[in-house]
4 protein chains.
Amino acid sequence: MIRVGIVGGTGYTGVELLRLLATHPQAEVVAITSRSEAGMSVAELFPNLRGCYDELRYSEPDVEVLSQCYVVFFATPHGVAMAMMPELVARGVRVIDLSADFRIKNTELWAEWYGMPHSCPDIVQQAVYGLPEINRDTIANAQVVAAPGCYPTAVQLGFMPLLRHGLINPSRLIANAASGVSGAGRQGKIDNLFAEVGDSFKAYGVPGHRHLPEIEQGLARMTSGNVNLTFVPHLLPMIRGIHATLYAELNVGEYDLQGLFEDTYRDEAFVDVMPAGSHPQTRSVKGANMCRIAVHRPQGRDTVVVLSVIDNLVKGASGQAMQIMNIMFGFDEREGLQGLGLIP
Amino acid sequence: MIRVGIVGGTGYTGVELLRLLATHPQAEVVAITSRSEAGMSVAELFPNLRGCYDELRYSEPDVEVLSQCYVVFFATPHGVAMAMMPELVARGVRVIDLSADFRIKNTELWAEWYGMPHSCPDIVQQAVYGLPEINRDTIANAQVVAAPGCYPTAVQLGFMPLLRHGLINPSRLIANAASGVSGAGRQGKIDNLFAEVGDSFKAYGVPGHRHLPEIEQGLARMTSGNVNLTFVPHLLPMIRGIHATLYAELNVGEYDLQGLFEDTYRDEAFVDVMPAGSHPQTRSVKGANMCRIAVHRPQGRDTVVVLSVIDNLVKGASGQAMQIMNIMFGFDEREGLQGLGLIP
Amino acid sequence: MIRVGIVGGTGYTGVELLRLLATHPQAEVVAITSRSEAGMSVAELFPNLRGCYDELRYSEPDVEVLSQCYVVFFATPHGVAMAMMPELVARGVRVIDLSADFRIKNTELWAEWYGMPHSCPDIVQQAVYGLPEINRDTIANAQVVAAPGCYPTAVQLGFMPLLRHGLINPSRLIANAASGVSGAGRQGKIDNLFAEVGDSFKAYGVPGHRHLPEIEQGLARMTSGNVNLTFVPHLLPMIRGIHATLYAELNVGEYDLQGLFEDTYRDEAFVDVMPAGSHPQTRSVKGANMCRIAVHRPQGRDTVVVLSVIDNLVKGASGQAMQIMNIMFGFDEREGLQGLGLIP
Amino acid sequence: MIRVGIVGGTGYTGVELLRLLATHPQAEVVAITSRSEAGMSVAELFPNLRGCYDELRYSEPDVEVLSQCYVVFFATPHGVAMAMMPELVARGVRVIDLSADFRIKNTELWAEWYGMPHSCPDIVQQAVYGLPEINRDTIANAQVVAAPGCYPTAVQLGFMPLLRHGLINPSRLIANAASGVSGAGRQGKIDNLFAEVGDSFKAYGVPGHRHLPEIEQGLARMTSGNVNLTFVPHLLPMIRGIHATLYAELNVGEYDLQGLFEDTYRDEAFVDVMPAGSHPQTRSVKGANMCRIAVHRPQGRDTVVVLSVIDNLVKGASGQAMQIMNIMFGFDEREGLQGLGLIP
């Protein structure tokens, strides 16, 4: 049984971590912090947790307490994890950061997109980018793991087989993606009111979204070519789920794309290549730590279309973070993550 | 490990049974029937089940096969279970029927509401009404259990403490209830299209809904008075969840209603009495086998208001059926049912 | 052509007033105020207005400017209208207040529910409660009209025929109502985020909601008996629409309730009594200034059930306000209000 | 006042035609047909029409009756209009067909995509493709007009300025589009149930959707180059609205794309080019005959992104059909079409 701490547990990735950890047989949450809600029971804020976490209360963040944990999750806005990280690292705590602070190796690029200088660029260099399907071995031994963003998870898993095998032109990639509103977080903003985003659909961030540099960095590792991605996110009138529709120019004639994807992910517990001709629905992964993928070549032309779905809060955040924890601590990678998607 | 059969597994209670049974350590689904989909893989029809039930296919209903199961669930429209029941009972199979066939003891009343004569009234008499919080002991030894309807579960658990203690007038009860659309089943009806029920709300069945006699029968067992219920169901623009708002005339002055409810359900794993002043949300039980209840006495007047929420597919159907199975087979009643509600 | 001013036009009732006034042939919006958005074009904030209000910008509230209008609408939170009202009244401007400031005659009761003393109780006394189906004649000559709340509109129109004819017991009334989220206004509150209220349903304000005293005051005018209402509002996962389900004890035997309702509302343009046995859907009035009503007597018992639906932003707010304006200025009451509900 | 007939008025485009025609001062619906609902009042099927069409009933289709109309709309599945068209054309009736029968000039291509031979290829040749922004003049004098499909309207209006000016590579176009569920029609299909498509998102028809040849035909008219489109439609958990996200390779360096779009549509009443940097929401056109467009060049790279939104039932179907009628009969093109979108 490992002792787990969570920093910033009042948001949606926080409550989802609690939901998932509740069923993990080898982990116990011993501390959860929130400056604004210190003293409140987590079950009061999130009644779905009643009966399971009746004793757990938010506390002020305290390095002493956190450093007694085997692992600390950061479920915070960007900027928070990097402020506390040096102290935790110095005390030997292992950290899984769900925020963006340690995802981008180029800290100048990071500073440009996140609007603040990076306070510990050295730790960025030692941090491991936590996409298990790519970095499983380095995750196992890492002290600091940066859990990938939600869009980046769906997009990278979709492009990876094609880029690694050099089948597509990396300089002309398109990722058209759509997310449920929970991805926008749990803050009182007019833009995310039910009456604003319900029964409607829109693109956002077309001039530039913070996940663009993260995705381009990840894709660049899969190819020797020059990566150039057009990334357009959209906001869906639903709570959970990301759907990425990926487009690329194929530079091969006939090719068994279906076989390529199946071979690539055959041994992965949390990537499911659907049968040829499929259209994965986000609901098939609602609440589940799973990425479902289908690959198409419409009309037999030279544009490949990959469809990739995840639950943004699970495989796109808290589930993936728990998968990372399982790898770091030598547990079965599927421990606590075998819940199925909710249909209907 | 007990062998489980499911008759009629192409509807929403069927797929939910499969989702829940997938995590049950002592039960294995060995047969699932569907005339219309015989031969199809369950994971093809419901992709959330992929990776978990890859070998399981729908088959034609066959009493030989079903009678080799320790327990058979009926997840069928009314009229189906009663047709097969005599043969199964004769062979000693234990049966949990999620349909309405064995819920109402008065088979003439049943025939009136369901528009067909009952074909095995004798088995109705021996069948146990499967609300564990009322009939736990008789369920344990029953051969045939009628799992309660979704509305009846939410309404009976809400009224029970008040009626049992004689605190309300049983002849003037009101149950104003609302259900997600999954309660209407998985059939191709215009009335249940997204474009018909989305972004709208309505009452239905006001002149008379089939759950009325079932609820009145259940409430009558809790009181010596004459029960008279006005029951108005409504259709919500959401998938899962039932919310019952119950009204009754109190016949006591000051009274610790909160204490009464807490005492009544203190030992129940699947009924959660919320703190005084609470308003339970259906999402707090989404996907979970839980009934959350709050009791109010607005303005200190003499009308009590009880709020009761369940997931119609879990505590209102398949989860409760699995709870019944746990009781029948002497398993821990919570086995396989500890998943938490999905927030957000 | 009358000159119209709007105070507080950045909320949902404000934009709905603009949408409706855009099609009114005899009214022109010449001023719209907002402290927070002064200087911004209304069409920038609400792009549905593009092409129609391209010149109109929010301005700081200015009594000089407003007093040059024939009529000023207040689409503000409570407390704002009463602060400006004396000056406007003194200058002879006619005012339609969509807020709660002038609805309740008993200003001590008002102060208790709204948590502040009332600053101009004398104007409250002269103000007319603007439910046209009850007060049409006094509205015509009023200087200050308090447009009714959304729930109070749906509930009063539903109970009125029964109370006026003494057919029900006024001391035991129940109004179970549900509203779309737009009723909660356009403020950045966590409670109204899509990820909080989507795909869920709950009651709220059961211990006491501010519309209770307003409704009880209105119902009391319809009967000589002592009015006692239990009012339970609920929050629907949809944007627009209110559905009220009303319950009362009938004190008559056989009675032509359908005929009573049809007779009562025969000459009303904006109350539509549905055929016997109907279940009005909120979508049938989405965007329309209409109240649709059905009356039921389930099982022929002695509880009457009335179903009443409106669009909370139209007949429940801005449409009714424009109907009031039409009456005040002698226009055809239906002017600008003939748009039909949006199905699907 | 022109006499209008509608064939097939029980679907969503039918009821939307009735909603819009109700406010048209120069048109009167005198006949509406439906084999399945003959004899039923339209207001019984669609209660939003109550009070407006109380006398109008569905009738069996009858060429005699229809030929007494000035104009007949077909709001039918494909295959119906072409069966009746020769007789109506012979009698001189003008026809606006909302179905796909007369959209594609190459009738062999049509037969391939629609799975049946075309029964009157000669009328196809004389029919005018009814996109007013392209074919206004020929529409004015046409006898038969094929109203464009919903996706084709959004996609063609978005690409037109770029293709006409030769700014993009026509052989590598991508249209990623998403539609509300009303686009799937009003038929009792499991796939379109609320419990199937609610709270979820998916692509569909990736291997080939029937709107692909229609769009490619339209785009080909705008350029001399070889048109090649990858078209991926998606299904949104909402009722109304289409959002198209268009991608193309620019073959120019710096260019005033914003100015190009504004110039192109300056005189169009129903195409609104948003300010630079905008992200149009589908709700801004809900219920309105409007196409809102924004053009972006993310990161200043060489991929242009166009965002184009319509209400699939209005500018994508019935509103556009009424716009066509206005052009054909010399009415103001905006007559009856000035309703604003519903926000919120």
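The values are calculated or read from the model by the stated rules, or taken from the named source; none is laboratory data. Note that this is a predicted model, so its numbers are computed, not measured. FYI the Cβ positions are ideal-geometry reconstructions off the backbone, even for glycines, and counts take in every protein chain you see. These accessible areas exclude ligands, DNA and RNA; they are computed on the full protein's heavy atoms, side chains included. Shrake-Rupley method; radii C 1.70, N 1.55, O 1.52, S 1.80 Å.
Structural remarks
- Think of each Lys and Arg Cβ as +1 and each Asp and Glu Cβ as -1; about the Cα centre, that makes the dipole of segment C:151-312 roughly 380 debye.
- Counting Cβ atoms of other protein chains within 10 Å of each residue's Cβ and taking the mean over peptide A:202-210 gives 6.
- Packing, as the average of other Cβ atoms within 10 Å across residues, places the peptides A:163-172, B:155-164 in the order B:155-164, A:163-172, highest first.
- In the context of the full set of protein chains, residues of the protein assembly as shown present 32 Å² of accessible surface per residue (probe radius 1.4 Å, heavy atoms only).
- Each of B:VAL144, B:VAL72, B:TYR53 was placed along the dipole of segment B:53-166 (beta-carbon charges, centred on the mean Cα), and the one lying farthest toward the positive end is B:VAL144.
- Label-point distances for C:GLY300 to the equivalent site in the other copies, using a point 7 angstrom along Cα→C-beta, read 4.4, 7.1, 8.2 nm when ranked shortest first.
- Sorted shortest first, the separations between the C:GLN338 label point and its copies elsewhere in the assembly read 1.3, 6.6, 6.7 nm; each point sits 7 Å from Cα along the Cα-to-Cβ line.
- Approximate spin-label separation A:SER41-D:GLU60, in nm, with each point projected 7 Å along Cα-to-Cβ: 7.0
- Looking at segment D:155-271, the DSSP beta bridges with both ends there are about 55 percent antiparallel.
- In straight-distance terms, cross-link reach from A:LYS105 covers every one of the lysines whose alpha-carbon lies under 25 Å from its own, apart from those fewer than eight places away in the same chain; here that gives A:LYS315.
- Applying a DSSP loop filter and a limit of 13 other Cβ atoms within 10 Å to the GluC sites (Glu not before Pro) in segment A:162-262 leaves A:GLU254.
- Rounded to the nearest 10 degrees, the inclination of helix A:211-220 to the longest alpha-carbon principal axis of chain A is 60 degrees.
- Principal-axis analysis of the Cα atoms of chain B puts helix B:319-328 at an angle of about 80° to the longest axis.
- Loop-resident trypsin sites (Lys or Arg not before Pro) (DSSP state other than H, G, I, E or B) in segment D:73-104 with no more than 13 further Cβ atoms inside 10 Å of their Cβ: D:ARG91.
- Legend: mean number of C-beta atoms from other chains within 10 angstrom of residue C-beta atoms, peptide B:180-193, equals 6.
- Here chain A is treated with +1 on each Lys and Arg Cβ and -1 on each Asp and Glu Cβ, and its dipole about the Cα centre works out to around 440 debye.
- Closest approach to the D/A rotation axis among chain D Cβ atoms, residue and whole-Å value: D:ASN176, 2
- With contacts taken as Cα pairs under 8 Å at a separation of at least 6 residues, chain A carries a relative contact order of 17 percent.
- The protein assembly as shown, accessible surface, carbon-and-sulfur percent (1.4 angstrom probe): 46
- Computed per residue of chain D from DSSP H runs no shorter than four, each worth -39500 (n - 2.57), the mean residue ellipticity at 222 nm is -8000 deg cm²/dmol.
- Over 19 Å between alpha carbons, listed pairs C:LYS286/D:LYS286; B:LYS189/C:LYS286; C:LYS202/D:LYS202: B:LYS189/C:LYS286; C:LYS202/D:LYS202
- Remark: segment C:24-34, residue by residue, has Karplus-estimated 3J(HN,Hα) of 7, x, 10, 9, 9, 7, 10, 8, 9, 10, 6 Hz, where x stands for each Gly or Pro and the curve is 6.51 cos²θ - 1.76 cosθ + 1.60 at θ = phi - 60°.
- Heavy-atom accessible area ranking, 1.4 Å probe, most first, across C:LYS202, B:LYS189: B:LYS189, C:LYS202
- Computed over segment B:2-126: relative contact order in percent, which uses C-alpha pairs under 8 Å that are six or more apart: 23
- Loop trypsin sites (Lys or Arg not before Pro), segment C:229-283 (other Cβ atoms within 10 Å of the site Cβ: 14 or fewer; DSSP): C:ARG266
- The label point for B:ASN141 and the one for B:ASN226, both projected 7 Å from the Cα toward the Cβ, are 3.6 nm apart.
- Placed amide H near A:VAL271: partners under 5 Å, 5+ positions off or other chain: A:CYS291
- Normalising the average separation of contacting C-alpha pairs (under 8 angstrom, six or more residues apart) by the number of residues puts the relative contact order of segment D:188-290 at 25 percent.
- Peptide B:47-55 - average C-beta neighbours from other chains (10 Å radius): 6
- Whole-Hz couplings from phi, Karplus 6.51/-1.76/1.60, listed for segment D:308-318; x for Gly and Pro: 9, 10, 9, 8, 4, 8, 10, 4, x, 6, 6
- Each residue of segment A:104-117 was assigned a 3J(HN,Hα) from its phi angle through the Karplus curve 6.51 cos²θ - 1.76 cosθ + 1.60 (θ = phi - 60°); the sequence is 9, 5, 7, 6, 6, 4, 4, 4, 5, 7, 9, x, 7, x Hz, with glycine and proline shown as x.
- Taking both sides together, the accessible area buried where C meets A is about 1600 Å² for a 1.4 Å probe.
- For B:VAL128, the residues whose amide H sits under 5 Å from its own are B:VAL144, B:VAL145, B:ALA146, ignoring neighbours fewer than 5 places away on the same chain, with H placed 1.01 Å from N.
- A cut-off of 5 Å between modelled amide H atoms, ignoring neighbours fewer than 5 places along the same chain, links B:LYS286 with B:LEU342.
- Tilt relative to chain B, helix B:80-90 - C-alpha long axis, 0 to 90 degrees, to 10: 70
- Inter-copy label distances for C:GLY115: 3.0, 5.2, 6.0 nm (label point placed 7 Å from Cα along Cα→Cβ; shortest first).
- Pairwise label distance in nanometres, A:ALA83 with B:MET116, each label 7 Å out on the Cα-Cβ vector: 6.6
- Estimated dipole of the protein assembly as shown in Debye, rounded to 20 [Cβ of Lys and Arg +1, of Asp and Glu -1, Cα centre]: 0
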